[in-house]
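Enquirer: I'd like to ask you about the structure that follows.
The values are calculated or read from the model by the stated rules, or taken from the named source; none is laboratory data. Please read all numbers here as calculations on a predicted model, not as lab measurements. In this analysis, Cβ positions are derived from the backbone assuming ideal geometry, glycine residues included, and neighbour counts consider all displayed protein chains. Please note that ligands, DNA and RNA were not included when accessible areas were found on the heavy atoms of the full protein model with its side chains. Shrake-Rupley method; radii C 1.70, N 1.55, O 1.52, S 1.80 Å.
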Amino acid sequence: MKLGHKSRQSDCLGSAVYSSIRLAMAKKALITGVCGQDGAYLSKLLLSKDYSVHGMVRDASSADFWRLNELDLKDQIIIEEADMRDEDSLNTLVENIKPDEIYNLAALSFVGASWDTSVETSDINAMGALRLLNAMKEHSPKAKYYQASTSEMYGNSNGETFQDETTPLHPRSPYAISKLFAHWMTINYRESYGLYACSGILFNHESPLRGINFVTRKITDGVARIKLGLEDSITLGNIDAQRDWGFAGDYVKAMWEMLQQDTPEDFVISTGETHSVRDFLQAAFKEIAITDWESYVQFDDRFTRPLDVETLCGSNNKAQQKLHWEPTVSFEELVRIMVEWDLKRLTSAS
Ligand code: G4F
């Protein structure tokens, strides 16, 4: 008995030592915006690769960890407090962690709200990225930096069918302009200081972890509520807008790949297919066997924007060639996954 106990104890000691050696040797990643959709999927990916993941939040006592809890990750992440608006907090954070990789995902990301929050949006998305780049340059210049850039930067792209890394940028919202600043600062710091800093120009990417104010989740949640008799319609704005929608779980793999290259470069990440909000509605209602979906959809001007981007469709050729990355979830599968998840969630809540 005793021997067994001793041996279990030494096993425990052995595994504790092994764990701390592993932790000391593990690559350290800092993720800003860890509580968002991409932060959660990226954490999952990095943990599966044995990274030690430091997730930055502004205030741990009020942060909403539902996505990390949904993926059962919360206890595996080292939660760090800092604020994209506070230079000192970012300097201290980067100096203390000395991360190998920094993923800047923190942003006010809802385009529609950015006209009303233009100053805060610029402070967090644009100046925040600059503050973080400065912190990295000062305290961890060998780190690799990923900037979450966006297809919103293209605007209407003068009728070009596909947008790629060379397409001219013409942003149409305060959000897109704030991201454009961060995008160019990332390029500038790479060229000026030789930092490993790059941007992923990600087209729309969705999942069950998407916030409810984005059109895809609003639709799948609404469709599930209609199916369960909780609501009788969905109210939307411009349903003729077209987007290139992929699965967020695929897109975080591209972020990681970008930081594993020999030289830092910017990449478009997209599916290469575009669909209208109408198409999304039709596909989502099809999942609950409703074909006359128009009778369940209402229009309200409150959900339109002063300026909208009409069509986005990205060419992912460069990512395919250099990162060997391609999307694995089709448009129809994505819609199905999201509707099924919302149905399950609402059924178990009732
Ligand atoms: O889902 P959305 O709000 O996404 P949007 O504006 O394309 O931006 C998303 O993708 C970007 C990447 O390209 C990210 F950078 C950004 O942070 C965000 O993740 O709206 C999609 C389209 C728009 O044209 C919008 O006008 O749907 C239209 N729409 C129609 N009715 C609506 C609604 N959008 C929302 N959110 N709510 C509606 O009721």
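Enquirer: Given Cβ point charges of +1 (Lys, Arg) and -1 (Asp, Glu) and nothing else, what value in debye, to the nearest 20, does the dipole of the chain about its Cα centre take?
Expert: 1340 debye
Enquirer: Roughly how big is the stretch 51-124's charge dipole about its Cα centre, with Cβ charges of +1 (Lys, Arg) and -1 (Asp, Glu), in debye to the nearest 20?
Expert: The dipole magnitude comes to about 180 debye.
Enquirer: Net charge around ASN96, counting only other residues with Cβ within less than 11 Å of its Cβ (Lys, Arg = +1; Asp, Glu = -1)? List each step's numbers first, then the result.
Expert: Details: positive: LYS28, LYS98; negative: GLU80, GLU95.
Result for the neighbourhood of ASN96: 0.
Enquirer: Considering only protein heavy atoms and a probe of 1.4 Å, how much of the accessible area of the chain is carbon and sulfur, as a whole percent?
Expert: 50 percent
Enquirer: A further question follows. Using 0.36 nm per residue of separation minus the Cα-Cα distance, give me the extension gain between GLN261 and ALA289 in nm, one decimal.
Expert: Gain on stretching GLN261 to ALA289: 5.5 nm.
Enquirer: Restricting to Cα pairs below 8 Å that are 6+ residues apart, what does the relative contact order work out to for the chain? Please round to a whole percent.
Expert: For the chain, the relative contact order is 16 percent.
Enquirer: Picking from SER43, ILE177, TYR154, whose Cα lies most toward the positive end of the charge dipole for the chain (charges on Cβ: Lys, Arg +1; Asp, Glu -1)?
Expert: Highest projection toward the positive end goes to SER43.
Enquirer: Ignoring ligands, DNA and RNA, how do ASP59, ASP116 rank by accessible area with a 1.4 Å probe, largest first? Let's see the in-between values first.
Expert: Details: ASP59 65, ASP116 140 Å².
Sorted descending by solvent-accessible area, the residues read ASP116, ASP59.
Enquirer: Could you give the angle, 0 to 90 degrees to the nearest 10, between helix 174-193's Cα long axis and the longest principal axis of the Cα atoms of the chain?
Expert: 40 degrees
Enquirer: So how far apart, in nm, are the two label points at GLU191 and ASP301 if each is 7 Å from Cα heading toward Cβ?
Expert: Each label point is offset 7 Å from its Cα along the Cβ direction, giving 4.4 nm.
Enquirer: Over the stretch 11-146, what is the relative contact order in percent, taking alpha-carbon pairs closer than 8 angstrom and at least six residues apart?
Expert: Values: 199 pairs, mean separation 35.1, N = 136.
Reported as a whole number, the value is 26 percent.
Enquirer: Under 1.5 on a/c is rounded, so check that first for the stretch 26-104, then, if it is not, pick prolate when a/b is larger than b/c and oblate when it is not; a ≥ b ≥ c are the square roots of the alpha carbon gyration tensor eigenvalues.
Expert: oblate
Enquirer: Let me ask something else. Please compute, for the alpha-carbon atoms of the stretch 237-350, the extent along each of the three principal axes and give them in descending order in Å.
Expert: In descending order, the Cα extents are 53, 38, 22 Å.
Enquirer: For the chain, what is the largest minus smallest coordinate of the Cα atoms on each principal axis, given in angstrom and ordered from greatest to least?
Expert: Ordered largest first, the chain gives principal extents of 71, 59, 39 Å.
Enquirer: Roughly what angle does helix 128-139 make with the longest principal axis of the chain, taking Cα atoms, 0 to 90 degrees, to the nearest 10?
Expert: 20 degrees
Enquirer: Roll a 1.4 Å probe over the protein heavy atoms and report the accessible area of CYS313 in Å², nearest 10.
Expert: 10 Å²
Enquirer: Next question. Just to verify a number: FRET efficiency for ASP72 and ASN158, C-beta to C-beta distance, R0 = 56 Å, to 0.05?
Expert: E(calc), rounded to 0.05, equals 0.80.
Enquirer: For GLU95 and GLN321, calculate 0.36 nm times their separation in residues minus their Cα-Cα distance, and state this gained length in nm to one decimal.
Expert: Gain on stretching GLU95 to GLN321: 77.8 nm.
Enquirer: Would you be so kind as to identify which of GLY246, GLY222, ASN188 lies farthest towards the positive end of the dipole of the stretch 173-265, taking Lys and Arg as +1 and Asp and Glu as -1 on Cβ and the Cα centre as origin?
Expert: Selected residue: GLY222.
Enquirer: Accessible area per residue of the chain at 1.4 Å probe, in Å²?
Expert: 48 Å²
Enquirer: Considering only GLY237, LEU68, TRP341, whose Cα is most displaced toward the positive end of the charge dipole of the chain, charges sitting on Cβ of Lys, Arg (+1) and Asp, Glu (-1)?
Expert: It is LEU68, whose Cα lies furthest towards the positive end.
Enquirer: Report, in deg cm²/dmol and to the nearest 500, the calculated mean residue ellipticity at 222 nm for the chain, where each DSSP H run with n ≥ 4 adds -39500 (n - 2.57) and the sum is divided by the residue count.
Expert: Only helices count here, giving -12500 deg cm²/dmol.
Enquirer: Okay, moving on. Keeping all protein chains in place and using 1.4 angstrom, which order do ASP86, ASP300 fall into by accessible surface area, from largest down?
Expert: Values: ASP86 65, ASP300 40 Å².
So, going from the largest accessible area down, we get ASP86, ASP300.
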